[in-house]
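Just below is one structure, and these are the notes that go with it.
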Amino acid sequence: MLKKSHISSIEIYSPEWHQYRIGRATSSKMFSIMGFEGFGKGGETYLMQKVGESITGQSNDREFEFDEDLEWGKLYEPEGLKAFAKKMGLNFLVTQKLITNPDGQFSSTPDGIIVHGECKIDTTEYNVSTVEGKCPRTYHNFIPKFLCKNPRDLYKLNKADFWQTIDQMDQCGAAVGYYFVFHPYFPEGRNINIIEFRKMELWDEFKLLSARKKEFIRRFDELRLQMMGLAV
């Protein structure tokens, strides 16, 4: 379940959006701490990046510097989301909303949120599914993802996209999530592939994610105290 108060009105890529992500681990980089045998070099680098941001209040991450593929993705994401909604028979889709938790160490901005209705037990929460879409510019990046049939196929092909989808579900309390790949040049029917993620079928992955996030928080706090000269 997703708390209504955690669905922000902050626009994606806005100064407020970038500011909120400072010092917080994000779904798009969650793969960094999900190495087969632990954090690994990539996870350590990401940990230090986030600790540095939390102390300085600034980011020197180059994730969103100009890149032709990134700009292509931004341009065609809205069209991809429309194609997704059409194929799924959806009349309404909440798009690109930053999920905020003031007490949390993590941040997520799913490309879409499907709201199924209010929680019957707690009306301050929604029952939701998450949506993550990718719009590769090149055919050699689109076609392999188009041919993936399930989450396991995607994991073998692109672990970053797999863990991003899993973490979005985790942060939104979703039992179901969707991943799609879209290319505007392909004919309708062959321009989008949708993969359904079901938490009950990926229980081990969610357990591993939870353990790694707890480890991230512990190591983040330890390293930050050391850098601030407050460690015992």
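Bear in mind that the values in this text are calculations on the coordinates, not laboratory data. Please read these numbers as outputs of a predicted model, since none were measured by experiment. All Cβ positions, glycine included, derive from the backbone under ideal geometry; neighbour counts span all protein chains shown.
A few remarks follow.
- Local net charge near Tyr155, Cβ-Cβ under 10 Å (Lys/Arg +1, Asp/Glu -1): 0
- Residue-span extension gain [Asn101 to Lys207] - 0.36 nm each, minus C-alpha spacing: 36.1 nm
- Relative contact order %, the range 2-227, counting alpha carbon pairs below 8 Å whose residues are six or more apart: 23
- Against the rule of thumb 2.2 N^0.38 Å, how large the Cα Rg of the range 120-196 comes out: 1.24
- Net length gained if the chain between Leu75 and Lys156 were fully extended (0.36 nm per residue, minus Cα distance): 26.4 nm
- Cross-link reach list, aspartates and glutamates versus Lys82, counting only Cα pairs under 15 Å and skipping chain neighbours closer than eight places: Asp111, Glu132, Glu188
- Pairwise centroid distance, computed over Cα atoms, of the range 1-67 with the range 128-198, Å: 20
- With 22 Å as the limit on Cα-Cα distance, the pairs of Lys4/Lys159; Lys156/Lys207; Lys29/Lys74; Lys3/Lys199; Lys86/Lys156 that go past it are Lys4/Lys159; Lys86/Lys156.
- Segment Ile121-Phe186, length gained on full extension (0.36 nm per residue, minus Cα span): 19.0 nm
- Exposure proxy ranking for Tyr20, Tyr179, based on other Cβ atoms within 10 angstrom of each Cβ and starting from the fewest, stands as Tyr20, Tyr179.
- Simple Cβ-charge dipole of the range 2-227, Lys/Arg +1 and Asp/Glu -1, about Cα centre, in debye nearest 20: 460
- By the Kirkwood approach, averaging reciprocal distances over each pair of separate Cα atoms, the range 2-227 gets a hydrodynamic radius of 18.3 Å.
- What the Cβ-Cβ distance of Lys3 and Leu147 gives, at R0 = 30 Å and to the nearest 0.05, is a FRET efficiency of 0.20.
- Of all DSSP-defined beta bridges confined to the range 2-227, some 75% are antiparallel rather than parallel.
- Inter-probe distance in nm under a simple model that places probes 7 Å from Cα toward Cβ, at Met228 and Asn91: 5.0
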